[in-house]
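Visitor: Below is the structure I would like to discuss, written out as C-alpha cells.
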Amino acid sequence: MITAHSLTKRYGASTAVDNLTFEVPPGMVTGFLGPNGSGKSTTMRMIMGLDYPDSGSTLIGGKPYPELTWPLREVGGLLEAKAFHPARTARNHLRWMALTNDIPLRRVDEVLDQVGLSSVANRRAGKFSLGMGQRLGIAATLLGDPGVLLFDEPVNGLDPEGIRWVRHFLRGLAAEGRTVFVSSHLISEMAMTADRLVVIGRGRLIAETSVSDFVARSGGGTVKLVTPDLVAFTSALTAIGGNVSDGDGGSLTVEGLTSPQIGEVAAQGGLRIYELTPIIASLEDAFMELTQDEVEYRPSTMAGAAAAGAKER
Amino acid sequence: MTQAIQSAPVGHYRVTNVVKSEVLKVLTLRSTAITVGLTVVAGLLVTGLVANGQLHKFPGYYQGFDPTQNSLVGLIVAGLTGGVFGALLITGEYSSGTIRASMAATPKRPILLTAKIGVAAVAITAFCELLSFAAFFLGQAILSGGGAPSASLGSPGALRAVVMTGVFIALMALMSFGFGLMLRSTAAAIAAFVGVVFVLPLVMHGISEPDLRYVPTNILTNSIMSTVNQQGPGPGQGGVLQPLSPGIGLLLMAMYAAIALAVGGALFLRRDA
C-alpha cells in the first residue's frame, strides 16, 4: 500500500505537484495517468525518497521510505529508463544492488532469468537496446522480491512485443497480491493494464477511480448507424428522443438511444441497417474531457473528486 | 514468488552492507582500470624521464641536489589522473543515474555518503602509497645506475617524503571527489579540479607570488616531496617566502579536501537526487 497525503512540490515559482492525496492499494495495478509534465515522475521520486516534498508526505506500508529497514526487499522502483552504469555488466549491476540489502546473490541470476536476460548477463549494460535496458530495470525491481512496485513509463520506447510483455508482467505481479503503481501518458496502455486510476493534471488530482467508472463518468454511449435511409432514420429516431447527427460516409451518430432501440425502429419502419456499432467512450475521451477542464478545477472540487474516489473503495 | 527471500534478516541495512556494495562498484568499472592504469603508466614514465634527465651532469650540478624529490616529482601527473579518477567515482553515478538506484537501495543518505567517501579514501590512499613507493624505487634505481647521487628510504626525510606524497595525492583525488559531489557533472568537476590545482598557480604567479606556497601543487613539490631546506627561516631572497613545512603543508591539503567533501556532502544530503 502506497499513500500520498497533501503532497506538494515546487520548483521556484511553478508548482509541480499540488496538494496531491491518493492511495495505491495492493493486489491490483493502479495506473498513474497524466499528460507529460503533469508531475507523475516527481511524485514517484518523492515516494521513493529521492526528492523531498515541500509539504505533505508519502508512506509505504505506513512508513516513510527512508525508514524502511531493507528498502529493496519492500519496494522495487523503475524510475528511469537506464539507471545503471553503461560500463558495468548486467550481472554486476544487480550484484551491487543485492549487496546493499543483504540479498542472496543467487537472486541475481534468478531475476535475470525471469526477465530473459540470462544470456547477456555478462555483457556491459551500455550495449543493451532500450528494451533490454528496460528488462534489466525490471529485474532490479524484483531483486528483493518486494511487495510494492513502482514503474515510471515502463513501456516507453518498447516495441509491441515488449509492451505486451511488460503489461502481462505487471498484471502478474498484481495477481500475486503486490501493490503495483505504473505511470503512463499512454491512455490506451493504461486501459489495458490498470484496474484503477489516479489521474493528475498540472500536479493536481483529477480523479481517483476504477478504469470503468472513469470511462462511464465521461458520458459516452453513442451508436454509429450506417444506412441508405438517412432521412427516414433521422426523423424516426429524433421522434423517440434520439439526438442524431450526420457522421461521415453516409452514417449517423445517435446519442441517447441504445442499439436495440434503434433496431426496433428499423423493424417497425422497414428501414435498412448496414452497420450498427455502439461507441463506448474510450478512456482517451474521458481523459481529454477531464484534462481540458483541468484549469477550472478548484481545490474544493478536487477534494470532491478525491472523496468520490474514496467512497468507491 | 520465492518464499525464501521474504524472510528479511533482522535489523536493517548498515554501513557495512553499503561498503561491500561500493567496493564492488569500484572494481566493476572500466573507468577504474583505465584511470588507474593511466596513472601508473604516466606517473612512472615521467618519473623515469625526470630521473634520466639528471644523469651525466657536470659535478657542480649536484650541489643541493635532492634525489628523493627528483624521483617523486613525476607524480604531479598522477595528481591529475588521480583527480579525474576521484571525480569520476561520483559523477559517473550521476551521469548514469546509478546514484538514484543507490539512494533507493539505501535511502539513509549519511550512511551512503559515509560508505562512499570511506571506500574512495581507503582505495585511493592505498593505491597512491603503492605508486609513490614504486616511483621512489624506480627513480633511485635510475639515478644510482647512472652514477648520480641517490637516496634510500633510510636517507634523512626520504621515507617521510614518500609516505606523505602518497597521502597528498590521495587527498587531491578526494578533493576532486568533493567537487564531483558538489557539481554532479564529470566535465564540471574535472574543470574545477584542473582549475584549482593546475591553473590557479599560473594565475597567482602574476598576482600574489608569496601565496603560491598555499597552492596544492606547490605544497606537493616544495614541501612534501622535498627533503632539503634550501633557505633559512623567514622571507627568502626576492621576497619569496620559504615553503611550508611538510606537516603544515599536508594539514592544509587535508583541510582543502575536507572543505570540498563537507560542502559536497552537505549538498548531497540536502538536495533532491
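Visitor: Condition (residue is in a loop (DSSP other than H, G, I, E, B), without any contact (Cβ under 8 Å) to a residue 12 or more places away in the chain and of a type in the set (Ser, Thr, Tyr)) applied to the range A:127-139: is it met by at least one residue?
Guide: Yes, the conditions are met somewhere in the range A:127-139.
Visitor: In addition: Got at least one residue in the range A:10-23 being surrounded by 14 or more Cβ atoms within 10 Å (Cβ to Cβ) and touching a Phe, Trp or Tyr at 6+ places or on another chain (Cβ under 8 Å)?
Guide: no
Visitor: Looking for whichever is in contact with a His (Cβ under 9 Å, 6 or more places away or on another chain) and at pLDDT 95 or above here; the options are A:Leu50, A:Leu33, A:Leu59, A:Leu7. Which one fits?
Guide: A:Leu59
Visitor: Answer with yes or no whether B:Leu38 is within 25 Å of A:Arg123 (Cα to Cα) and either within 14 Å of chain A (Cβ to nearest Cβ) or of a type in the set (Ser, Thr, Tyr) (or both).
Guide: no
Visitor: Can you say whether A:Ser119 is free of Cβ contacts under 8 Å to residues at least 40 places away in the same chain, assigned by TED's automatic domain parsing to the domain that holds A:Arg10, farther than 29 Å from B:Ala8 by Cβ and polar (S, T, N, Q), as far as the supplied structure shows?
Guide: Yes; evaluated as a whole, the condition is true for this residue.
Visitor: Something else about it: Give me the residue from the range A:91-102 that is within 7 Å of another protein chain (Cβ to nearest Cβ) and touching a residue at least 24 places away in the same chain (Cβ under 8 Å) and, out of that set, nearest to A:Ala139 (Cα to Cα).
Guide: Checked the range A:91-102; the qualifying residue nearest to A:Ala139 (Cα to Cα) is A:Met97.
Visitor: Now a separate question. Condition test on B:Arg30, is it of a type outside the set (A, V, I, L, M), under 22 Å from the mean Cα position of the chain (by Cα) and within 14 Å of another protein chain (Cβ to nearest Cβ)?
Guide: When the stated conditions are applied, B:Arg30 passes them.
Visitor: Here is a further query. Does at least one position in the range A:170-177 carry a residue that is at pLDDT 95 or above and in a strand (DSSP E or B)?
Guide: no
Visitor: Within the range B:77-121, track down each residue that is within 11 Å of chain A (Cβ to nearest Cβ), surrounded by 21 or more Cβ atoms within 10 Å (Cβ to Cβ), small (Gly, Ala, Ser) and in contact with a Ser or Thr (Cβ under 7 Å, 6 or more places away or on another chain).
Guide: Hits for the range B:77-121 are B:Gly92, B:Ala105.
Visitor: With respect to B:Leu24, determine if the residue is touching a helix residue (DSSP H, G or I) at 6+ places or on another chain (Cβ under 9 Å), facing another protein chain (nearest Cβ under 9 Å) and surrounded by fewer than 21 Cβ atoms within 10 Å (Cβ to Cβ).
Guide: Yes: the conditions hold for B:Leu24.
Visitor: Does A:Ala139 satisfy being of a type in the set (A, V, I, L, M, F, W, C) and crowded, with 23+ Cβ neighbours inside 10 Å?
Guide: Judged against the criteria, A:Ala139 is a match.
Visitor: Continuing with the same structure: Name every residue in the range A:103-121 that is away from chain B (no Cβ under 11 Å) and assigned to a loop (DSSP other than H, G, I, E, B), in order of residue number.
Guide: A:Val115, A:Gly116, A:Leu117, A:Ala121
Visitor: Kindly state which strands (runs of 3 or more DSSP E) lie completely within the range A:222-274 and contain at least 2 residues that are buried (at least 17 other Cβ atoms within 10 Å of the Cβ) and not hydroxyl-bearing (Ser, Thr, Tyr).
Guide: A:222-226, A:251-255
Visitor: So, one more: Could you please let me know if B:Leu75 is within 28 Å of A:Gly137 (Cβ to Cβ) and in contact (Cβ under 8 Å) with a residue 24 or more places away in the chain?
Guide: Criteria not met by B:Leu75.
Visitor: Might you check whether a residue that is in contact (Cβ under 8 Å) with a residue 40 or more places away in the chain and either assigned to a loop (DSSP other than H, G, I, E, B) or facing chain A (nearest Cβ under 9 Å) (or both) occurs anywhere in the range B:44-53?
Guide: no
Visitor: Kindly establish whether B:Thr47 is of a type outside the set (A, V, I, L, M) and either closer than 23 Å to B:Ala123 by Cα or surrounded by fewer than 21 Cβ atoms within 10 Å (Cβ to Cβ) (or both).
Guide: Taking the combined requirement at face value, the residue satisfies it.
Visitor: Follow-up. Filter the range A:115-130 for residues that are at pLDDT below 95 and surrounded by fewer than 17 Cβ atoms within 10 Å (Cβ to Cβ) and give the result.
Guide: A:Gly116, A:Gly126, A:Lys127, A:Ser129, A:Leu130
Visitor: If we scan the range A:141-151, do we find a residue that is more than 12 Å from chain B (Cβ to nearest Cβ) and either small (Gly, Ala, Ser) or within 12 Å of A:Ala90 (Cβ to Cβ) (or both)?
Guide: No, the range A:141-151 has no match at all.
The values are calculated or read from the model by the stated rules, or taken from the named source; none is laboratory data. These figures come from a predicted structure and were not determined experimentally. So basically every Cβ, Gly included, is an ideal-geometry build from the backbone, and we count neighbours across all protein chains shown.
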